[in-house]
Each structure stands twice: as C-alpha cells, then as structure tokens.
Amino acid sequence: MYSEVERLTRVLCEPHGTPGCEEEAIAVAAKELSFCDEVITNPLGGAVGILGKRDAKRRILLDAHIDQIGMVITNIDDEGFLHVTQVGGVDRRTMPGSIVTVFGKETVHGIVCVLPPHLAHGDDKIDAVDRQAIDLGMPKEEVEKIVSIGDRAVLANPIKKLMGNRVSGTALDDRGGCACIIRAAQLIKDQELDCCVMVLCSTREEVGGQGARISTYSLEPTEALAVDVSFATQPGTSGLTATLGGGPMIGYSASLDRKMSKRLMELAKEHDIPYQLEVMGGRTGTNCDSIGISRGGVRTGLLSLPQRNMHTSAEVCDLADMENIAKLIAAYILDKEA
Amino acid sequence: MKNMELLEKLCLATGVSGEEDAVRDIILEEIKPYAERVEVTPLGNVIAWRKGRNRAEKKLMLCAHMDEVGFIINNITGEGFLKFTAVGSVRPEVLTGRSVLVNGKIPGVICAKPVHLMDGGEREKAVPVDQLAIDIGASTKEEAEQVVAIGDNACFVPFFEAVGGTVKGKALDDRAGCFVLLELMKEELEYDTCFVFSVQEEIGMRGAGTAAYVVEPDAAIILEGTTAGDIAGVSPLESVCKMGSGTAVSFMDRSTIYDRAFFKRALAIGKEKEIPCQPKTASAGMNDAGVIHTAKGGARTLTLSVPCRYIHGPAAMTAESDLEATVRLTGALMEEIAGGKL
C-alpha cells in the first residue's frame, strides 16, 4: 500500500548530504524527479522538478529540504583522533560510543570516544559536540591519507522498517518530506494541469534555509507548500498533541497563509484524509519563514510530517502519514476552487 | 589475521547474559572436530576437553565468557513502548537514540526526546535507563505483545568491520576471548587442556565458578577483551592499556590478585619470543577469575586480555595484531603451566 513512498524514503535517505555537501543527495533527488517536464539542479539551491503549464498564473512551489544534520572535521590530533563541530543541531547525547560514518577520500567508520563504565568516573554530564572526538583506529599518518579538515561525518543509520508502517533511520528529517513532495508530484503527473508545479528539494535548511531562499527567488512562485518534520508525542515529552500515524499536521501560524491552512483542512475532510493541527505563534522554524517573504511575498502553507526522536539517528516516521501528505498536496494542486 | 570471518560470526550473534544460546551454538559447531569430549552444564557453560600430545602435569583450564551486556524488557506501555533495564553494566551515556535488536530479530530504537524540546541543563545530561524506552513501531500494547513479552532480551544492533588491521564490533567483550580460545583449540597442543566458554559473566560472574567446580583445575588462564582507555581526552596515565600494544597482562583487578609467577612469566615470555604484550596499568574491572580462583580448593590464575576500546557500548575496537599476540602468548604460557614448569 505504501510501497512507493517507502521506496522513495529508502533511496532518498541513503546518500550523504550535510549542509553545503548535498551534491550526492541532490543527484538522487534529481533522478527521482526525472518524470517531470524539466529538472534543474544547482549545488547551492538544490534540485527542482517542474510540471504543468509553464506560463500559468498559478505557480505552486512544493518545498522540502534535502540536507541533514552532521559534523565537520575541525582537527586531526597527534594520535589520529578526529575533532569535530556540528553542522546543524546535533544532539550531543546521541554521540558517545556511537558508530559514525566519515566521508573522506574513502567512506570509513569510526566510533565516538567514550570510556567504559569500569573506567568512568564523575557525573552524567555529556560533553558538547566540539569536545567529543571520533576514533578511526588508525595512526595520524594513515588518517591523513583519507580524511582532511572540512570533511563531514554523520551518525549513519540506514532506513529500516519497524512494525506496522513505521520506518526509522538517519535523515528522515527531511528526506521524508522530500519523499512526500516527490510522491505528490507522481500522483498528479498524468493530470491536465492548469497551473505550474515546482518540486524543490532544497539545501542548507539546518543552517538557516539558504537553499529555499535563493530557489524561491529564482522560481517566483505565487504560492508555496512546505513539508518538514515536526514533533509527535513520545516518552519524555509533554504538551505535544500530534501523534505518529495521526495524519498530516496542518500548520496555523501568523506567518502562514490562513486561507491556505483552512482550505487544506477542508480538502482533507473532502478526501477522507486524516489530519491534525499544529499551531505556532510566529515563525515556524522551517523554510516557510524565508519562502513567505521572497520578492514581493508568497502565500505559504506548511504540512508537517509527525516524527519521533528528531535530530538523532533513530528518527521514526509513519509511511501512512507520508502517503497522506502526498495525497493532500495532490488534492490542493488539483483544487477546482483555487 | 586469518579467520576474521569467525570473529565476525561471533560478534554478530546475540548473547545477552542468561540467553547465550546463539553464541553457544556457533562454538559447539566450531569445536566439534577438535574436542575429545564436550559438556554443557546446567547453566549453559560449554566445557570442552582437548587432547594434547601428553597428559598434563597440571590440569589447566582456559576460560572466556560468551555473554554480552544488553537489556531486558520489564514492561510494555499502553502506547506500545518497551521499558527495559540494563543486563550488566551499561552507561546511560551510550543509550540515547541507539538502534537495538529485540529477541535477536526485531529492530527498534531507544527513544530520545528531541533536542529542540529540552532546556539547557537537560541537553547536557544522560537520561537514566528507567526513563528510556524502546520503540519497535507498535502503536499499542497489544500490537507490541504480538512479538515481544516481558522478560525478553534486547542487544545493541549487530555490527562488525575488520579493515586495515583494526577490528570494530559489537560484543568484542568477550567474543575476542572466545575467538582466542577457538583458535588455540585448533592447534596441536602439547598437553591435554580444558576449554571453558562461560555464561553470565557480565552480571557478576555466575557461570564460570560452576564450570570450575566441574573441571577442578589446578590453574586457569582467563581470556578477556579488556578496557583500553587510550582515547582522546584521557591522560596516558589513566589509559589502563593501549590498543595495538599487545596482550594486556593483569597483576590484579577488583576481584582477583593474580598468581605472581604467572604474571611475571607471561611478560618474560613476551620478551623472549618477541610477542607484543603490556602490563595492565590499573586494578580496574573484574572477570571470571574472581570465581575460578576460589572454586573448590582454589586454582592459580592469570588474565590475558585483548585491549579493546569502547567495551559495553554499541561497538568496541581492537587491533588484529593484539588478537594474534594473545593467541601466541597464551599458547606459549599454557604449555609451561600445563607442563608443570611454573
């Protein structure tokens, strides 16, 4: 039932793409968008697939970000340990003892330094990311043949299927969103469109959203829908309302277009798509914040994909939510009342 | 080193203390051509007798433990999350956001509250084990109960890699020791020797003592994967032993004071035969020797260890050269002990 969105998720989550190094991920997204009338890639902005009437008045931008959080190598010490800092918001608590993938001249695995319980003493404080180090098990001379300062590393964890429709792995934030918008484009590709649809997998969201900003300027949409992950209830949290598998989270915020939010709700009801609401006070912390104020301003909506364990290598999403986001986007594009 | 495939098989197998079955099956299969007699004790220890060219002057027992640290499910929440406690000593620092395998086959992840939702203090602290939960994707307790029951085990997700002389793998403590024993068992031995693969070491050495009771050894060598603290941020004085510097020889740990003559002779053999070895520079940790040296009327013991960084975590690391040195050093020492020369 969700085999295509699962396939897209697996394929899209595979390549490395920390902010500023998204080339491989962009190439995979471009390949998956190849059914579009035109595909444009730009290392600074991302991959865009364009469908429908090029000169239509209604120009819809679909956005999800292709980059993932990770680490950058800042130094190699005399013993060959790699010292790092974060690129995007890495959760320091997930690092000690973790298996990491380092993208040097070759791709190699290391382990983040941690003392075993037998030798550990002191408190339960965990060092900041830039006070932790990666061990490749090689002397400095060997390390330097493979790794250079500026190379990237991630807590890699390929997508695996959990029970039901759930999947877990690294980079679901926001390759899961990319899978949603590409899936939405698949659902409408054989329809006669009276609008232009631009499917953007954008770069650098985790460090400020530069990819969406410059791409929106170039593409000049009249309206935009972004898909990003948001918090689902899970152990240890309080005050959250959205549940994993509960359907797309339709965003309401001062910075989002209220008519679009309402219309998305009506369309969900009409098409029997389960949905939940996500209410934010001002900015959304997603690409919507920069898309909305591009050029003379763009009406923008946000559909969030419920997720657990955000910014870890154990992110969990539900394929049913992803398919439902794609369906809701398709309904929005084909909306006769637009 | 040869036969990394065997070490890989051992590390990828699941053997949380009390449920060592998968590891035991691999070992039983592996020792079949070499063991003269095999016994599996009521708790699950494997005792294998290997014929040598001569009868031993002193009955020598070699011992390595099959079990690994892990987790046991102690509750299932209404939303289908699995609550758990640690089996053996695991720092909560290495658990947040970790991938695990429940019952050796069901993938799950240990939940981590998103960093965006935490205040400053929370971001810097490890979450205690009793506040963690495993997510296997179930939405309800009933759904989870289709595949998991209270009392089931979970372990770190299996991982193994041997590249460029460096080995990284789950459960190197103590599959490294099991590997050394298996390699020695395949050699032509000078004297009859008893090989023990023990259970339940990680929860306080509950298996090896019962094996020693059956074997009644005069002497024993315990093979371990031990704490190498030669890592970034740790002073060399506190490193205990160094990965890549050869077999670590213990004079004492938290459960045993080792036989002085054995300790000195092991280091001397290393020098004579040019086998890399190092004294362990701390009295840290404990192992099966604690219950073996006090079994029945007592036995002289020594622990020889493969230095491993990051034990009791998702993956530990060692050097192939250390494994090789440990096979050689143990081989030379066992001949002298069993031959009654020490």
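The values are calculated or read from the model by the stated rules, or taken from the named source; none is laboratory data. On a predicted model such as this, the values are computed, not experimentally measured, just so you know. Virtual Cβ from ideal backbone geometry, glycine too; neighbours counted across all protein chains shown. What goes into the accessible areas is simple: the full protein's heavy atoms, side chains included, and nothing from ligands, DNA or RNA. Shrake-Rupley method; radii C 1.70, N 1.55, O 1.52, S 1.80 Å.
Below is a table of values for the structure above.
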read-out: Output for segment A:285-310, where each listed residue is within 12 Å of another protein chain (Cβ to nearest Cβ) and surrounded by fewer than 24 Cβ atoms within 10 Å (Cβ to Cβ); value: A:Gly285
read-out: Residue list for segment B:244-282, filter: within 30 Å of A:Leu136 (Cβ to Cβ), among the hydroxyl-bearing types (Ser, Thr, Tyr) and modelled with pLDDT of 95 or more; value: B:Ser245, B:Thr247, B:Ser250
read-out: Odd one out for A:Glu223, checked against (1) within 16 Å of A:Gly301 (Cβ to Cβ); (2) of a type outside the set (Gly, Ala, Ser); (3) buried (at least 24 other Cβ atoms within 10 Å of the Cβ); value: (3)
read-out: Of the criteria (1) within 14 Å of another protein chain (Cβ to nearest Cβ); (2) open to solvent by 20 Å² or more (accessible area, probe 1.4 Å); (3) among the acidic types (Asp, Glu), which one A:Asp173 fails; value: (2)
read-out: Number of positions in segment A:66-75 that are buried (at least 20 other Cβ atoms within 10 Å of the Cβ) and in contact with a helix residue (DSSP H, G or I) (Cβ under 9 Å, 6 or more places away or on another chain); value: 6
read-out: Enumeration of residues in segment B:315-342 that are part of a loop (DSSP other than H, G, I, E, B) and either open to solvent by less than 10 Å² (accessible area, probe 1.4 Å) or aromatic (Phe, Trp, Tyr) (or both); value: B:Ala315
read-out: Scope segment B:20-49; condition over 20 Å from B:Lys186 (Cβ atoms) and in contact with a strand residue (DSSP E or B) (Cβ under 7 Å, 6 or more places away or on another chain); matching residues; value: B:Val40, B:Thr41, B:Asn45
read-out: When residues of segment A:234-253 are limited to those that are in contact (Cβ under 8 Å) with a residue 24 or more places away in the chain, at negative phi and not aliphatic (A, V, I, L, M), the one farthest from the other protein chains (Cβ to nearest Cβ); value: A:Tyr252
read-out: Hits in segment B:32-54 (condition: in a strand (DSSP E or B) and either free of Cβ contacts under 8 Å to residues at least 60 places away in the same chain or open to solvent by 70 Å² or more (accessible area, probe 1.4 Å) (or both)); value: B:Arg37, B:Val38, B:Val40
read-out: Matching residues, segment B:290-314, being within 11 Å of chain A (Cβ to nearest Cβ), on the phi < 0 side of the Ramachandran plot and in a loop (DSSP other than H, G, I, E, B); value: B:Ile311, B:Gly313, B:Pro314
read-out: Options B:Asp230, B:Asp259; residue that is in the same structural domain as B:Leu333 (by TED's automatic domain parsing) and touching an Asp or Glu at 6+ places or on another chain (Cβ under 9 Å); value: B:Asp230
read-out: Any hit, segment A:121-131, residues being surrounded by fewer than 24 Cβ atoms within 10 Å (Cβ to Cβ), touching a residue at least 40 places away in the same chain (Cβ under 8 Å) and not assigned by TED's automatic domain parsing to the domain that holds A:Gly46; value: yes
read-out: Lone unmet requirement of (1) open to solvent by 30 Å² or more (accessible area, probe 1.4 Å); (2) touching a helix residue (DSSP H, G or I) at 6+ places or on another chain (Cβ under 7 Å); (3) at positive phi for B:Gly18; value: (2)
read-out: Conditions (1) within 14 Å of chain B (Cβ to nearest Cβ); (2) under 15 Å from the mean Cα position of the chain (by Cα); (3) open to solvent by 40 Å² or more (accessible area, probe 1.4 Å): number failed by A:Val11; value: (1)
read-out: Selection within segment A:85-117 - open to solvent by less than 10 Å² (accessible area, probe 1.4 Å), at the interface with another protein chain (Cβ under 8 Å from one of its Cβ atoms) and not in a loop (DSSP other than H, G, I, E, B); value: A:Arg93, A:Thr94, A:Ile111
read-out: Output for segment B:75-107, where each listed residue is farther than 25 Å from A:Pro96 by Cα and part of a strand (DSSP E or B); value: B:Asn75, B:Ile76
read-out: Enumeration of residues in segment B:144-178 that are farther than 19 Å from B:Val23 by Cα, within 13 Å of chain A (Cβ to nearest Cβ), surrounded by fewer than 20 Cβ atoms within 10 Å (Cβ to Cβ) and touching a residue at least 24 places away in the same chain (Cβ under 8 Å); value: B:Glu145, B:Val147, B:Ala162, B:Gly165
read-out: Any hit, segment A:182-205, residues being closer than 30 Å to B:Leu101 by Cα and surrounded by 18 or more Cβ atoms within 10 Å (Cβ to Cβ); value: no
read-out: Those residues of segment B:116-143 which are out of contact with any strand residue (DSSP E or B) (no Cβ under 8 Å at 6 or more places or on another chain), surrounded by fewer than 18 Cβ atoms within 10 Å (Cβ to Cβ), at the interface with chain A (Cβ under 7 Å from one of its Cβ atoms) and within 19 Å of A:Pro306 (Cβ to Cβ), in sequence order; value: B:Ser139, B:Glu143
read-out: Of all residues making up segment A:145-174, the number that are assigned to a loop (DSSP other than H, G, I, E, B), modelled with pLDDT of 95 or more and closer than 16 Å to A:Gly104 by Cβ; value: 5
read-out: From the options A:Leu328, A:Leu302, A:Leu256, residue that is touching a residue at least 40 places away in the same chain (Cβ under 8 Å) and touching a His at 6+ places or on another chain (Cβ under 8 Å); value: A:Leu328
read-out: Candidate set: segment B:93-115, residues that are facing another protein chain (nearest Cβ under 7 Å) and open to solvent by 30 Å² or more (accessible area, probe 1.4 Å); chosen: the one farthest from B:Glu68 (Cα to Cα); value: B:Lys113
